[in-house]
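As structure tokens, the structure follows; a few thoughts come after it.
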């Protein structure tokens with residue numbers, strides 16, 4: 001069996017590895033380190049958690065042992081998709097290079113440019129960065145990439161998912177053509193393969209496991225249930241999650257819970273805390289200091305449950321994670337491999353539970369097609385039960401019971417027909433025999449205008465009363481507005497004025513003397 005001492009690594013690096021307690025390299029490390037030390041390009045494909053970081057950092061430290069960096073011209077470059085992964089690579093570099101004099105700088109977002117500029121100005125041997133912040137420094141004229149001897153792209157498939165491929169291609173073009181390149185990924189999408197053919201020169205391809213396979217040290221289970229109602233799905237999934245965590249008991253020492261959306265991360269974390277669980281959220285919208293504080297708490301054990309978006313699906317090297325819970329099945333099937341790969345690391349056993357509803361069938365099919373196996377089906381914890389799905393027959397029985405208890409609302413169609421008939425009767429002309437005899441004006445020619453107005457008012461009031469009575473059947477607590485009811489005193493006022501003007505035409509207009517008297 002190959003040991004680290006059998007590899008042609010710098011003695012100072014071997015001492016640092018021995019200090020960490022490792023003696024035997026993982027398969028990806030055993031196969032990637034020798035060609036890397038020979039100066040060849042390396043294309044590594046391996047599951048997450050197999051030690052890819054050490055497979056490029058150990059030979060890189062050995063190769064950079066001789067020489068010195070110049071100001072603003074790093075000698076090597078490591079690109080990572082997320083801040084957390086970049087920070088972890090920086091920690092690994094500090095661990096393995098502690099017996100050397102090599103320097104490093106970490107360029108990530110959420111940190112002031114000033115401190116990073118100072119490190120670059122002094123000259124660094126290893127520059128670890130996210131693509132966006134690296135290009136920010138370059139465009140500000142604070143960084144030159146013409147001195148890069150070794151370039152590493154870590155988690156390349158995650159770069160693709162996050163839309164960093166155009167930035168990666170631009171950065172490749174800014175570095176010397178003679179550089180040595182290490183390219184690592186858990187999966188090999190067509191776009192990733194195109195980049196490797198373009199920017200890698202006759203690489204050594206190392207594939208320690210079939211692409212997109214899950215680790216055998218992880219016990220998987222898919223918990224499927226049908227929500228009682230579609231709008232209750234989110235709440236009932238939270239109840240299932242809590243039941244699963246409780247059922248695992250003390251064996252669940254810590255766990256990462258993955259959600260697809262940032263807003264769901266916050267809601268799930270808040271819900272768990274409200275039910276007495278020790279949980280905290282982490283996603284891309286949080287301040288970097290808060291993200292760092294949360295991860296530190298999860299690493300030192302003061303935080304048990306980490307509710308995360310896929311920003312934490314890559315690069316979290318926490319070997320002792322006992323459980324992973326997929327609150328949502330990922331929309332990208334590759335993310336399933338990376339998510340559950342947070343547990344069962346470094347040869348340890350782990351458990352991964354995924355919660356799914358019938359609405360997730362298309363995601364489940366994509367995942368199982370990718371990993372070329374069916375995810376084992378699990379069951380809800382013993383003693384836990386959700387409301388049964390609401391079937392059509394149950395709805396009909398409930399409607400029948402509601403109809404019997406409220407007879408007034410059952411004949412709704414009949415009431416509509418009655419209303420239509422009433423409206424037709426209102427619109428129909430009154431028969432001549434039923435019409436009241438017209439009031440003959442004292443000149444004997446036509447009804448008095450005042451009496452015509454009175455008849456119209458009576459008909460309007462009758463119709464208004466009919467409508468009011470009909471509406472009272474439907475809405476007894478209906479608010480009556482001025483449009484449906486005019487106060488009596490206003491009507492009396494108008495009628496008095498009309499009577500004064502129409503019925504007493506013989507009154508003379510007031511004289512100027514009367515006006516003065518008033």
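Worth a mention:
- Residues 375, 28, arranged from fewest to most other Cβ atoms within 10 angstrom of their Cβ, appear as 375, 28.
- Gyration tensor verdict on the stretch 1-85 (Cα atoms; rounded if a/c is under 1.5, prolate if a/b is larger than b/c, oblate otherwise): oblate
- If the convex hull is drawn through the Cα atoms of the stretch 4-207, its volume per residue in Å³: 110
- Potential extension, residue 201-residue 379 segment - 0.36 nm per residue separation minus Cα distance: 59.1 nm
- Taking the Kirkwood radius as Rh and the Cα radius of gyration as Rg, the stretch 214-287 has a ratio of Rg/Rh equal to 0.97.
- Rounded Å value of the spacing that divides the Cα centres of the stretch 150-206 and the stretch 75-121: 19
- Two-decimal Rg to Rh for the stretch 218-371 - Kirkwood Rh, Cα set: 0.93
- For the stretch 168-309, radius of gyration divided by Kirkwood radius, i.e. Rg to Rh on alpha-carbons: 1.09
- The ellipsoid equivalent to the alpha-carbon distribution of the stretch 49-122 has semi-axes of 20, 18, 9 angstrom, derived from the gyration tensor eigenvalues as √(5λ) and listed largest first.
- Inter-site label distance for residue 174 and residue 320 at 7 Å from Cα along Cβ, in nm: 4.0
- Residue order, fewest to most surrounding Cβ atoms within 10 angstrom, among 161, 361, 231: 231, 361, 161
- For the stretch 330-387: rounded, prolate or oblate by the Cα gyration tensor [a/c cutoff 1.5]: oblate
- As a rough footprinting exposure proxy, the listed residues 363, 22 were ranked by other beta carbons within 10 Å of their own, and the order from fewest upward is 22, 363.
- Whole-Å distance, taken between Cα centres, linking the stretch 356-387 and the stretch 30-56: 34
- Separation of the residue 142 and residue 369 label points, Cα + 7 Å toward Cβ, nm: 4.5
- Extension gain for the segment residue 71 to residue 278, taken as residue separation times 0.36 nm less the Cα-Cα distance, is 69.9 nm to one decimal.
Values in this text are rule-based calculations from the coordinates and carry no lab data. The structure presented is a predicted model; accordingly, all values stated were derived computationally and were not measured. Quick reminder, even Gly has a Cβ in these numbers, built from the backbone with ideal geometry, and neighbours come from all protein chains shown.
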